[in-house]
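The values are calculated or read from the model by the stated rules, or taken from the named source; none is laboratory data. This structure is a prediction, so every number in the text was calculated from the model and none was measured. Positions of Cβ are backbone-derived with ideal geometry, glycine not excepted, and every protein chain shown enters the neighbour counts.
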Amino acid sequence: MNATDLIVIGAGPAGMMASIAAAQRGKSVLLLERNSRPGRKLLITGKGRCNLTNNCDRDTLLANIPRNPRFLYSAFARLSTAGTMEFFESRGLPLKTERGNRVFPVSDRAGDVLRVLERELDALGVTLLNARASSLLLEEGAVRGVRCEDGRELHAPAVIVACGGKSYPQTGSSGDGYSLARQAGHTIVPPVPSLIPILTAEPDPREMQGLSLKNVTLTAYRGEKPVFSELGELLFTHFGLSGPLVLSASAHMEGKKPEEGADAAFYAEMLRGRGYRLSIDWKPGLTREQLDRRLLRDFSKFQNKDAINSLGELLPRKAIPVLLRRAGIPFEEKVNRITREQRRSLLEALKDFTLTPVGFRPIEEAIVTSGGVDVRQVNPRTMESRCASGLYFAGEVLDTDGYTGGFNLQIAFATGVLAGESAGQ
């Protein structure tokens, strides 16, 4: 293949935006994607709705990025959250802002976000090639192109690595970017899961497997200090907890550090002994006093029934045995015989349902990974490598990540634009 001005590795959000930014500057761009089509991970974000950014100011944006937010100042100066919204709306995609300032397409279809990017790539003449980059072509401290898995050599004076982290490898994010970066002399901060389901020590979640709770509050504590608390939705599973609230909480919980090649068993144990606990408030809209009055009303209404049959108007069926057991109330106990102390125990179980997190699901199941290319070896004003000239990075391959709410896609879009424009100069 003839030489091109720029090769971009990875047709995810960062890679597509980088290709667009460079092509807008008149550069010929070759976009490599190992999958048969671009944007596979984009299609599953936000439960298929694509929470593409957050409608907030820069200070709020940076406050929602726990790892290396200062590194992103220049990227966000180049593409703010308002800039991301303008990019898509000006290309015919109406957007809406929901709870927590999360921004979605009005259609609630991630495919519509992808189609905007694909149309822009096509209009700008970006060449999309289905191929997997296996190594960089380097010469005298500068990048000269890439070698593909099939042996082909593709030449260009600039290369952007934007092939993601290690989460969801079926979408193409299998850690290739780390290998390419190491080849150029970069240090990789060991990747760990972020935005990941949590394993718990207690068997209760397994008993309630498949039960989804809405409008509950989940609080994560380290010792006595709350590190996360939010109202929303969670899901009980055979291993513990999942759902939006849990993914958000996981990003605030730091486990032991992995070694190279850590397996799934490591992630299943990485939180044990770290002093975390999780607390679910099943009825956050009610104070303890209000909830106690509600329990008294229900108990009066069902006073001649067994306890197991008395809470159907207050709780999902799957939850009733678990909560009664926690409160020390026998299932066959007649409601009119439940003591004040038992009722108080039930109230506490509802307002502070405590679980012990012991680990995360494997890193391959994380929405995003924390860790990656050490940002101290990347110029934050250009996204260019400090180890090899002409080499740039964008997106999740970098050691920076955000909480849920559109912040990670904003990182991808902003670093992609900055890398693409810098490589296209």
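In segment 126-145, what count of residues is obtained for those that are farther than 16 Å from residue 32 by Cβ and either among the charged types (D, E, K, R) or not in a strand (DSSP E or B) (or both)? Let's see the steps before the verdict.
Going through segment 126-145, the residues farther than 16 Å from residue 32 by Cβ turn out to be 138-142.
Among the residues that remain, those that are also either among the charged types (D, E, K, R) or not in a strand (DSSP E or B) (or both) are: 139-141.
Going through segment 126-145 one residue at a time, the tally reaches 3.
Taking the conditions exactly as written (in contact with a Pro (Cβ under 6 Å, 6 or more places away or on another chain) and among the charged types (D, E, K, R)), does residue 364 satisfy them or not? If you could, list the steps in order and put the result at the bottom.
Working: in contact with a Pro (Cβ under 6 Å, 6 or more places away or on another chain): yes; among the charged types (D, E, K, R): yes.
Here the answer is yes, as residue 364 does meet what is asked.
Mind listing whichever residues of segment 275-333 are acidic (Asp, Glu) and in a loop (DSSP other than H, G, I, E, B)?
Within segment 275-333, 313, 332, 333 meet the criteria.
Whether any residue in segment 199-211 is closer than 30 Å to residue 178 by Cα and within 18 Å of the chain's Cα centre (by Cα) is what I want to check. Spell out how you get there, then give the answer.
We begin by selecting, within segment 199-211, every residue closer than 30 Å to residue 178 by Cα; these are 199.
Among the residues that remain, those that are also within 18 Å of the chain's Cα centre (by Cα) are: 199.
For segment 199-211, residues closer than 30 Å to residue 178 by Cα and within 18 Å of the chain's Cα centre (by Cα): present.
Which of the strands (runs of 3 or more DSSP E) found entirely inside segment 1-99 contain at least 1 residues meeting this: among the β-branched types (Val, Ile, Thr) and in contact with a helix residue (DSSP H, G or I) (Cβ under 8 Å, 6 or more places away or on another chain)? Break it down into steps so the answer makes sense when it comes.
Details: elements: 6-9, 29-33, 95-98.
Hits in segment 1-99: 6-9, 29-33.
From the list 354, 369, exactly one residue is assigned to a strand (DSSP E or B), of a type outside the set (Gly, Ala, Ser) and surrounded by fewer than 21 Cβ atoms within 10 Å (Cβ to Cβ). Which is it? Break it down into steps so the answer makes sense when it comes.
Working: 369 fails: surrounded by fewer than 21 Cβ atoms within 10 Å (Cβ to Cβ).
That would be 354, the only listed residue that is assigned to a strand (DSSP E or B), of a type outside the set (Gly, Ala, Ser) and surrounded by fewer than 21 Cβ atoms within 10 Å (Cβ to Cβ).
Give segment 44-62 a look and list any residue that's within 15 Å of the chain's Cα centre (by Cα) and charged (D, E, K, R), or say none.
Result: 47, 49.
Can you tell me which of (1) crowded, with 18+ Cβ neighbours inside 10 Å; (2) in contact with a Leu (Cβ under 9 Å, 6 or more places away or on another chain) is the one residue 162 doesn't meet?
Going through (1) crowded, with 18+ Cβ neighbours inside 10 Å; (2) in contact with a Leu (Cβ under 9 Å, 6 or more places away or on another chain) one by one, residue 162 breaks only (2).
For segment 210-227, check the following and say yes or no: at least one residue is part of a loop (DSSP other than H, G, I, E, B) and on the phi > 0 side of the Ramachandran plot.
The answer is yes, given that some residue of segment 210-227 is part of a loop (DSSP other than H, G, I, E, B) and on the phi > 0 side of the Ramachandran plot.
For segment 334-351, which positions are in contact with an Asp or Glu (Cβ under 6 Å, 6 or more places away or on another chain) and assigned to a loop (DSSP other than H, G, I, E, B)? So that I can check it myself, show each step before the final result.
If we filter segment 334-351 for residues that are in contact with an Asp or Glu (Cβ under 6 Å, 6 or more places away or on another chain), which is where we start, we get 347, 351.
Within segment 334-351, no residue meets the criteria.
Collect the residues in segment 386-403 that are over 19 Å from the mean Cα position of the chain (by Cα), buried (at least 24 other Cβ atoms within 10 Å of the Cβ) and farther than 10 Å from residue 415 by Cβ, keeping them in residue-number order.
Across segment 386-403, the qualifying residue is only 391.
With the condition kept exactly as written, say whether any residue in segment 184-205 is surrounded by fewer than 19 Cβ atoms within 10 Å (Cβ to Cβ), under 30 Å from residue 376 (Cα atoms), among the polar types (S, T, N, Q) and at pLDDT below 95.
no
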